[in-house]
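Asks: Here it is: the structure, laid out below.
The values are calculated or read from the model by the stated rules, or taken from the named source; none is laboratory data. Note that the coordinates shown come from a computational prediction; the quantities given were computed from them, not determined experimentally. FYI the Cβ positions are ideal-geometry reconstructions off the backbone, even for glycines, and counts take in every protein chain you see.
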């Protein structure tokens, strides 16, 4: 299963083509839209989330509510495009365009992108570099999550820390409704109140906040991925996907960073076996991955997000055209996107896992995939 996305932040729409889906997978737009709504939520989001009400449209690859095996085409309309039609017009002329951006923002793609592609108007960079692109990848991730659920896999996400305030609560699969109800996607109500106050203070100061997000997957079969080649190691592929999320600057599996300070006797998960259950672990410090493969234990992934680069009290920069000192450009922005980042990490990680399932089990039809996974689960249990 592979995909490409296209489209700009203020262009007419975002698009994706997903190729390699088996035929017969039940699918409607309403399977995907709830995740787009989740992505737009969270305390600290900006006005763009009030303008857009993201909904995906399926243009090809599905008929009568089931995939056909042909490429799937998805579209998400940008409702705000009507206010940007002249600025984003692909036809030549009218240069410089209105709202041209020549003051690159520190921490954004602006300067490096302008130097790489030779753009004097940084809008040619920021429109595609915008985190708006993740809306379409979340739609694809929602498709992947539907596939994983049918394969017996549960998924969840949460915010571990925001603005330097940590939620020390141990993860609890029985409290997912609490996470969904929290505007900052944490488990502890007292921590939630502190984080909201921290966001309000940052907004008043014209500043932005980062944090740490977590995604979990329960019920994965062991052996997804491979130890044989570097580019098939699942932890590497998950890391690449996580690091492709705008603002993500760190990634770990399980207790990765903490394990670096511990002796091996306190890091590795001892192996046990039980009749009818097969092999299992009593601890999961590895986070469900060893040597590039799933172990069958819960997969635990975390990503660190830096604060958003667009500040309402901008940092100093240099104008690309005049070379004079300037204040960085101010595009419409959030105070924090960390709650949305948790949704995005879950969805995008699900894409990698769904790809791994299809690679391992193959099948031109969804029924074939289901049968092969069930047979493998039984074989592993009896091994």
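Asks: What's the total number of residues in segment 86-115 that are free of Cβ contacts under 8 Å to residues at least 60 places away in the same chain and over 27 Å from the mean Cα position of the chain (by Cα)?
Replies: Selection size over segment 86-115: 14.
Asks: What number goes with the only condition from (1) over 23 Å from the mean Cα position of the chain (by Cα); (2) under 30 Å from residue 120 (Cβ atoms); (3) free of Cβ contacts under 8 Å to residues at least 60 places away in the same chain that residue 4 does not pass?
Replies: Among (1) over 23 Å from the mean Cα position of the chain (by Cα); (2) under 30 Å from residue 120 (Cβ atoms); (3) free of Cβ contacts under 8 Å to residues at least 60 places away in the same chain, residue 4 violates only (1).
Listed here are the residues, each with its yes/no results for (1) closer than 30 Å to residue 297 by Cβ; (2) without any contact (Cβ under 8 Å) to a residue 24 or more places away in the chain.
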site	(1), (2)
117	no, yes
151	yes, no
160	yes, no
174	yes, yes
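Asks: Within segment 243-281, can you find the residues that are in a strand (DSSP E or B), touching a strand residue (DSSP E or B) at 6+ places or on another chain (Cβ under 9 Å) and over 21 Å from residue 209 (Cβ atoms)?
Replies: Across segment 243-281, the qualifying residues are 253, 271, 272, 273, 274, 279, 280, 281.
Asks: Related question: When residues of segment 187-209 are filtered for being over 16 Å from residue 175 (Cα atoms) and outside any helix (DSSP H, G or I), how many remain?
Replies: Matching residues across segment 187-209 total 5.
Asks: Hey, does segment 208-226 have a residue that's at pLDDT below 95 and either closer than 17 Å to residue 351 by Cα or surrounded by fewer than 19 Cβ atoms within 10 Å (Cβ to Cβ) (or both)?
Replies: No; the residues of segment 208-226 include none that is at pLDDT below 95 and either closer than 17 Å to residue 351 by Cα or surrounded by fewer than 19 Cβ atoms within 10 Å (Cβ to Cβ) (or both).
Asks: State the number of residues belonging to segment 210-242 that are in a loop (DSSP other than H, G, I, E, B), in contact (Cβ under 8 Å) with a residue 40 or more places away in the chain and either within 22 Å of residue 374 (Cβ to Cβ) or over 20 Å from the mean Cα position of the chain (by Cα) (or both).
Replies: Start the filter on segment 210-242 by keeping residues that are in a loop (DSSP other than H, G, I, E, B), which leaves 210, 219-224, 226-229, 233.
After this cut, where a residue has to be in contact (Cβ under 8 Å) with a residue 40 or more places away in the chain as well, the list is 210, 219-224, 226-227, 233.
Narrowing the set further to residues that are either within 22 Å of residue 374 (Cβ to Cβ) or over 20 Å from the mean Cα position of the chain (by Cα) (or both) leaves 219-224, 226-227.
Qualifying residue count, segment 210-242: 8.
Asks: May I ask you to list the residues in segment 12-56 that are on the phi < 0 side of the Ramachandran plot, at pLDDT below 95 and not in a helix (DSSP H, G or I)?
Replies: 41, 43, 45, 46, 47, 52, 53, 54
Asks: Taking residue 368 as the residue in question, decide whether it is modelled with pLDDT of 95 or more and more than 26 Å from the chain's Cα centre (by Cα).
Replies: For residue 368, the condition - modelled with pLDDT of 95 or more and more than 26 Å from the chain's Cα centre (by Cα) - is met.
Asks: OK, next. Examine segment 32-41 for a residue that is out of contact with any helix residue (DSSP H, G or I) (no Cβ under 9 Å at 6 or more places or on another chain) and either surrounded by fewer than 17 Cβ atoms within 10 Å (Cβ to Cβ) or without any contact (Cβ under 8 Å) to a residue 40 or more places away in the chain (or both), and state whether such a residue exists. Give the steps one after another, and end with the answer.
Replies: Step one: filter segment 32-41 for residues out of contact with any helix residue (DSSP H, G or I) (no Cβ under 9 Å at 6 or more places or on another chain), giving 37.
Next, only the ones that are either surrounded by fewer than 17 Cβ atoms within 10 Å (Cβ to Cβ) or without any contact (Cβ under 8 Å) to a residue 40 or more places away in the chain (or both) stay: 37.
Yes - at least one qualifying residue is present in segment 32-41.
Asks: Would you say residue 118 is in contact with a strand residue (DSSP E or B) (Cβ under 9 Å, 6 or more places away or on another chain) and over 30 Å from residue 1 (Cα atoms)?
Replies: On the way: in contact with a strand residue (DSSP E or B) (Cβ under 9 Å, 6 or more places away or on another chain): no; over 30 Å from residue 1 (Cα atoms): yes.
No, not satisfied.
Asks: I'm trying to understand the selection: among the residues of segment 323-361, which are in a loop (DSSP other than H, G, I, E, B) and touching a residue at least 60 places away in the same chain (Cβ under 8 Å)?
Replies: Residues satisfying the conditions are 328, 329, 331, 332, 333, 334, 335, 336, 337.
Asks: Being on the phi > 0 side of the Ramachandran plot, at pLDDT 95 or above and surrounded by 17 or more Cβ atoms within 10 Å (Cβ to Cβ), is that true of even one residue in segment 172-189? It would help to see each step written out before you state the result.
Replies: Applying the first criterion (on the phi > 0 side of the Ramachandran plot) to segment 172-189 yields 185.
Next, from what is left, pick out any that are at pLDDT 95 or above: 185.
Narrowing the set further to residues that are surrounded by 17 or more Cβ atoms within 10 Å (Cβ to Cβ) leaves 185.
Taking every residue of segment 172-189 in turn, at least one turns out to be on the phi > 0 side of the Ramachandran plot, at pLDDT 95 or above and surrounded by 17 or more Cβ atoms within 10 Å (Cβ to Cβ).
Asks: Going by what's in this entry, would residue 191 be described as in contact with a helix residue (DSSP H, G or I) (Cβ under 6 Å, 6 or more places away or on another chain) and either farther than 30 Å from residue 370 by Cα or in contact (Cβ under 8 Å) with a residue 40 or more places away in the chain (or both)? Break it down stepwise before answering.
Replies: Working: in contact with a helix residue (DSSP H, G or I) (Cβ under 6 Å, 6 or more places away or on another chain): no; either farther than 30 Å from residue 370 by Cα or in contact (Cβ under 8 Å) with a residue 40 or more places away in the chain (or both): yes.
Against the criterion (in contact with a helix residue (DSSP H, G or I) (Cβ under 6 Å, 6 or more places away or on another chain) and either farther than 30 Å from residue 370 by Cα or in contact (Cβ under 8 Å) with a residue 40 or more places away in the chain (or both)), residue 191 does not qualify.
Asks: Output the residues belonging to segment 57-82 that are in a helix (DSSP H, G or I) and in contact (Cβ under 8 Å) with a residue 24 or more places away in the chain.
Replies: If the condition is that a residue be in a helix (DSSP H, G or I) and in contact (Cβ under 8 Å) with a residue 24 or more places away in the chain, then 79, 80, 81 are the ones that fit.
Asks: Further, regarding this structure: Residue 300 is checked against (1) within 24 Å of residue 131 (Cα to Cα); (2) touching a residue at least 60 places away in the same chain (Cβ under 8 Å); (3) surrounded by fewer than 17 Cβ atoms within 10 Å (Cβ to Cβ) and fails just one. What number does that condition carry?
Replies: (3) is the only condition that residue 300 fails.
Asks: Tell me yes or no: at least one residue of segment 253-271 is surrounded by 13 or more Cβ atoms within 10 Å (Cβ to Cβ), touching a residue at least 12 places away in the same chain (Cβ under 8 Å), more than 21 Å from the chain's Cα centre (by Cα) and farther than 30 Å from residue 166 by Cα.
Replies: no
Asks: Let me ask something else. Looking at (1) surrounded by fewer than 16 Cβ atoms within 10 Å (Cβ to Cβ); (2) in contact with a helix residue (DSSP H, G or I) (Cβ under 8 Å, 6 or more places away or on another chain), find the lone condition where residue 153 falls short.
Replies: Failing condition for residue 153: (1).
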